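My questions will all concern the structure given below.
The values are calculated or read from the model by the stated rules, or taken from the named source; none is laboratory data. The shown structure was predicted, so the numbers you read here are calculated from the model rather than taken from an experiment. Because the Cβ atoms are built from the backbone with ideal geometry, glycine has one as well, and the counts that use them run over all protein chains shown.
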């Protein structure tokens, strides 16, 4: 799902997603330079708020509410300066933070993943771990609160300014290798096949993705061909060479 500028989507509160303990929150984000407030939620479960609607003499409605549960777990931006993933009971925060750097307003999509594996909260940016913190507390269940993308669980505050895409929630902790694989799947150019064309002086190798490698022996000893770009000429003279592509 793609969430645009300051929009949000409610996922309600399915029983299967009332997660406690191990968790992964994942999303691609394109944050605007100016966020609306001190907290900009990317994915959030809770906090739970009961909202009442009062007719204001036929001139519209006034919304007010009472907090049902302070528990929450979220992936968010705080103070336009930090990426944050973690949980809170309204008093104690359990999680990890890392600087946003130059991501806000850069006009680029950033892959964010926050995990808790039973002992440690971790935060990943573009496939690389950027922060971790040991903690005995992971995700907290929020019995009366909804999940949302781009806001608090019920959409009443902390809207995210920017784009959100491919948001995901897991009842487990993705490994570092899995996080990297998710990032690579969206960014790495797939390896193609090598095609060749004969010429009077040898061959011309062509490919569309991957890095050209060569070896003196089939099946082993391959190394990158320095500065090789497609099409790549191979002389007919000299010793035999074997070629392949790597990611």
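Of all residues in the range 123-143, count the ones that are within 23 Å of residue 188 (Cα to Cα) and buried (at least 23 other Cβ atoms within 10 Å of the Cβ).
The initial filter retains those residues of the range 123-143 that are within 23 Å of residue 188 (Cα to Cα), namely 123-130.
Retained after the next criterion (residues that are buried (at least 23 other Cβ atoms within 10 Å of the Cβ)): 123-124.
Final tally of qualifying residues: 2.
Could you say which residue among 174, 123, 205 is within 30 Å of residue 243 (Cβ to Cβ) and touching a strand residue (DSSP E or B) at 6+ places or on another chain (Cβ under 7 Å)? It would help to see each step written out before you state the result.
Details: 174 fails: within 30 Å of residue 243 (Cβ to Cβ); 123 fails: within 30 Å of residue 243 (Cβ to Cβ).
Among 174, 123, 205, only 205 is within 30 Å of residue 243 (Cβ to Cβ) and touching a strand residue (DSSP E or B) at 6+ places or on another chain (Cβ under 7 Å).
Which one of 161, 167, 133, 157 is free of Cβ contacts under 8 Å to residues at least 40 places away in the same chain and either under 22 Å from residue 89 (Cβ atoms) or assigned by TED's automatic domain parsing to the domain that holds residue 21 (or both)?
It is 133.
When residues of the range 220-240 are filtered for being touching a strand residue (DSSP E or B) at 6+ places or on another chain (Cβ under 8 Å), closer than 30 Å to residue 184 by Cα and in a loop (DSSP other than H, G, I, E, B), how many remain?
Quick first cut of the range 220-240, residues touching a strand residue (DSSP E or B) at 6+ places or on another chain (Cβ under 8 Å) only: 221-225, 228, 230-237.
From the residues that got through so far, the ones that are closer than 30 Å to residue 184 by Cα too are 221-225, 228, 230-233.
If we keep only those that are in a loop (DSSP other than H, G, I, E, B) too, we end up with 221-222, 225, 228, 230-231.
So the answer is 6.
In addition: Is it true that residue 113 is closer than 15 Å to residue 22 by Cβ and touching a helix residue (DSSP H, G or I) at 6+ places or on another chain (Cβ under 7 Å)?
Numbers: closer than 15 Å to residue 22 by Cβ: yes; touching a helix residue (DSSP H, G or I) at 6+ places or on another chain (Cβ under 7 Å): yes.
Yes, satisfied.
In addition: So in the range 212-224, with the set limited to residues that are under 33 Å from the mean Cα position of the chain (by Cα) and closer than 17 Å to residue 192 by Cα, which one is modelled with the highest pLDDT? Don't jump to the end; show me each part of the working.
Just the residues of the range 212-224 that are under 33 Å from the mean Cα position of the chain (by Cα), to begin with: 212-213, 223-224.
Now drop any that are not closer than 17 Å to residue 192 by Cα, which leaves 212-213, 224.
On the way: 212: 90, 213: 90, 224: 93.
Selected residue: 224.
Also, I was wondering about something else. Which condition number in (1) at pLDDT below 90; (2) under 30 Å from residue 77 (Cβ atoms); (3) in a strand (DSSP E or B) is the one that residue 155 fails?
The failed condition is (3).
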